[in-house]
Amino acid sequence: MILRIETLRAALAAAILAGFALAPPLLGQSPGAEAEVRAVIDAFRTGLGAGDGDAALAQLHPDVRVFEGGHAETRDEYASGHLGADMAFLQAVESTTTSERLVVDGAMALYLRTYTNKGEFRGRQIDASGTETLVLSKTDDGWRILHIHWST
């Protein structure tokens, strides 16, 4: 039951913030908070791209849910599963952001990105586009990624 409540909470937060993403920037949005959130996103992406799983995992909320390839994983499941493949993939291909949007509202943030990946991975040519959704939550330890959804 707890897993369902946490998943529902993250999905509800993403749905609410998605409405904000389509709206003009909020008047009360703090530039300092936006910079803090971007630093977490950049540290996560840099950790993955450098093959530094510990650095990437440090940016994740303990209750994170990672939606990838039709599956939902907890932090521990992601760490022992897809994390290694994600790092290997990002080291092998060139990933280019084609659009992005960040909305910070209080203790929640929504980051939306579209991207392309090009290169070779495990003997296959890659030329794909995808979307990324990150929901971040402000904690006592700073901003942490609470929800990830990748779709290619």
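Here are the numbers for the structure shown:
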read-out	value
Selection within the range 99-128 - among the polar types (S, T, N, Q), open to solvent by 30 Å² or more (accessible area, probe 1.4 Å) and farther than 16 Å from Asp42 by Cα	Thr116, Gln125
Of residues in the range 71-99 being of a type in the set (A, V, I, L, M) and touching a strand residue (DSSP E or B) at 6+ places or on another chain (Cβ under 8 Å), the one farthest from Leu48 (Cα to Cα)	Ala72
Any hit, the range 116-129, residues being in contact with a Gly (Cβ under 6 Å, 6 or more places away or on another chain) and more than 22 Å from Ala58 (Cα to Cα)	yes
Which numbered condition Pro25 fails, given (1) in a helix (DSSP H, G or I); (2) modelled with pLDDT under 55	(1)
Selection from the range 42-63 of residues that are in contact with a strand residue (DSSP E or B) (Cβ under 6 Å, 6 or more places away or on another chain) and open to solvent by 20 Å² or more (accessible area, probe 1.4 Å)	Gln59, His61
Cross-chain or 6+ apart pairs with Cβ under 7 Å, the range 123-135 first and closer than 11 Å to Trp150 by Cβ, then surrounded by 14 or more Cβ atoms within 10 Å (Cβ to Cβ) and at pLDDT below 95	Thr133/Ala14
The range 129-143: number of residues that are open to solvent by less than 50 Å² (accessible area, probe 1.4 Å) and under 17 Å from Arg45 (Cβ atoms)	8
Residue among Ser30, Ser80 that alone is over 17 Å from the mean Cα position of the chain (by Cα) and either modelled with pLDDT of 90 or more or surrounded by 18 or more Cβ atoms within 10 Å (Cβ to Cβ) (or both)	Ser80
Residue count, the range 27-57 (criterion: of a type in the set (S, T, N, Q) and over 16 Å from Asp105 (Cα atoms))	1
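The values are calculated or read from the model by the stated rules, or taken from the named source; none is laboratory data. A quick note: this is a predicted structure, and the numbers were derived from the prediction, not measured. For neighbour counting, all protein chains shown are included, and Cβ atoms are generated from backbone atoms with ideal geometry for every residue, glycine included. Areas reflect the complete protein model, heavy atoms only, side chains present, ligands, DNA and RNA absent. Shrake-Rupley method; radii C 1.70, N 1.55, O 1.52, S 1.80 Å.
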